[in-house]
Every structure is written in C-alpha cells, then in structure tokens.
Amino acid sequence: MAEAKWYVAHTYSGYENKVKADLEMTIENRNLQDVIQEVLVPLEEVVEQKENGGKKVVQRKMFPGYVLIHMVMNDDTWYVVRNTRGVTGFVGPGSKPVPLEPEEMARMGIGDAAVKPEPFHTNFDVGDKVTIIAGALEGSVGEVREINESRRTVTVVVDMFNRDTPMEMNIAEVKKL
C-alpha cells in the first residue's frame, strides 16, 4: 500500500472547520481511517490588544481557506475529499494534487521531524511604544498592537497621513522606547 502524504485542499473562506468535520464524518462512515489518516486546520496563538487596553491571547487559522489532509492519494480518496461540501479543489497544477514535502511540514511543527522554534523573547508587550529600526519606516514611532509568536512578527500602529495604520513587521525591526 502507498504511503500517506500531506496534501492541501482549498476551501471556501470560513468553511475550514466545517470541511474538517464533514471529512472526519465521511472517513468514519466509510471506514477510510487507513487511507485518510488526519485532517488539520492549523492554528496559531496571537496576542491582541483589547479595546479597554488589556491583552488577550487568541487562536487564529494559520492558512485561512485551506485544510491539510494526511492521506494516501488514489481515485477514491481524491473523490471523497474533492466532493466534500466547501472544498474547491486541491493545491497543485490542474486537478493533480501535489503533496507537501516533509521539510515544509516540519517547519509548521507537524510530523515526525517537527522543528520546534527557539524560545520566543521580546523586551516589549502589547501597548508599548516602539521605534522602527529598519525598512522604509525607519525612525517612526508606533504602538505594539499584536505580537505573533509563531511567525515572529509584531503589528505596530503608526501614524501615517494623520491616520493610525497597522503595519506587520519582523520582531527584529522594532525596538522598545
């Protein structure tokens, strides 16, 4: 029997969890656990600024509009996934799905060789004032609105043209005032 690989199915926006649930039910009903082994909607934790000035940690989809499926690709499994309500197709040229490489899965923290990211440390928190030290906005001052640990990015609100404009940048591009 062929080895299961990770494939990416494209879904209607906002239907990722519904597709996951429907696929899992179909797998159970048709006894396909051997050929469709896992269905994932990868999530990441993000620190957000609340209206009252507080912080909260929320989970956000890493890849909105996509579902990862660990499966043995054959005509039957292709048909089951492709005909699940909310699925628009597989990622790949034409109708030929292309599996993800193990290295790609490891970078996402999924699979046997999952690469665990180094501990994440910043010297600032949501709500702190920071200076941008690199890029086109170098020297600008802004306020940290969000810290995304998994992507190592920070969203800084900067005053541009007399409007608060959120800018996402690498954590190394900002410094606490």
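The values are calculated or read from the model by the stated rules, or taken from the named source; none is laboratory data. Keep in mind that this is a model prediction, so the values were computed, not measured. Here the Cβ is made from the backbone with ideal geometry for all residues, glycine too, and neighbour counts use every protein chain on show.
Tell me which residues, restricted to the stretch 133-177, are out of contact with any Gly (no Cβ under 8 Å at 6 or more places or on another chain), crowded, with 16+ Cβ neighbours inside 10 Å and over 18 Å from V47 (Cβ atoms).
Result: L137, S140.
Given (1) closer than 29 Å to E103 by Cβ; (2) in contact with a helix residue (DSSP H, G or I) (Cβ under 9 Å, 6 or more places away or on another chain); (3) of a type in the set (D, E, K, R), identify the lone condition not met by R30.
Among (1) closer than 29 Å to E103 by Cβ; (2) in contact with a helix residue (DSSP H, G or I) (Cβ under 9 Å, 6 or more places away or on another chain); (3) of a type in the set (D, E, K, R), R30 violates only (1).
Quick check: anything in the stretch 6-18 surrounded by fewer than 13 Cβ atoms within 10 Å (Cβ to Cβ), of a type outside the set (F, W, Y), modelled with pLDDT under 95 and in the same structural domain as W78 (by TED's automatic domain parsing)?
To start, the set of residues in the stretch 6-18 that are surrounded by fewer than 13 Cβ atoms within 10 Å (Cβ to Cβ) comprises 13-14.
Subsequent filtering for residues that are of a type outside the set (F, W, Y) retains 13-14.
Subsequent filtering for residues that are modelled with pLDDT under 95 retains 13-14.
Checking which are in the same structural domain as W78 (by TED's automatic domain parsing) leaves us with 13-14.
Within the stretch 6-18 (the criterion being surrounded by fewer than 13 Cβ atoms within 10 Å (Cβ to Cβ), of a type outside the set (F, W, Y), modelled with pLDDT under 95 and in the same structural domain as W78 (by TED's automatic domain parsing)), the answer is yes, since at least one residue qualifies.
Taking interchain pairs and intrachain pairs at least six residues apart, which have beta carbon atoms under 7 angstrom, with the first residue in the stretch 149-177 and among the aromatic types (F, W, Y) and the second surrounded by 14 or more Cβ atoms within 10 Å (Cβ to Cβ)?
Once the first residue is among the aromatic types (F, W, Y) and sits in the stretch 149-177, no partner that is surrounded by 14 or more Cβ atoms within 10 Å (Cβ to Cβ) comes close enough.
Could you list all residues from the stretch 104-130 that are farther than 21 Å from H10 by Cα and at pLDDT 75 or above? Quick ask: steps written out before the conclusion?
So the first thing to find is which residues in the stretch 104-130 are farther than 21 Å from H10 by Cα, and the list is 112-130.
Hits for the stretch 104-130 are T122, N123, F124, D125, V126, G127, D128, K129, V130.
Please work out if M1 is at pLDDT 95 or above, loosely packed, with under 12 Cβ neighbours inside 10 Å and of a type outside the set (F, W, Y).
On the way: at pLDDT 95 or above: no; loosely packed, with under 12 Cβ neighbours inside 10 Å: yes; of a type outside the set (F, W, Y): yes.
When the stated conditions are applied, M1 does not pass them.
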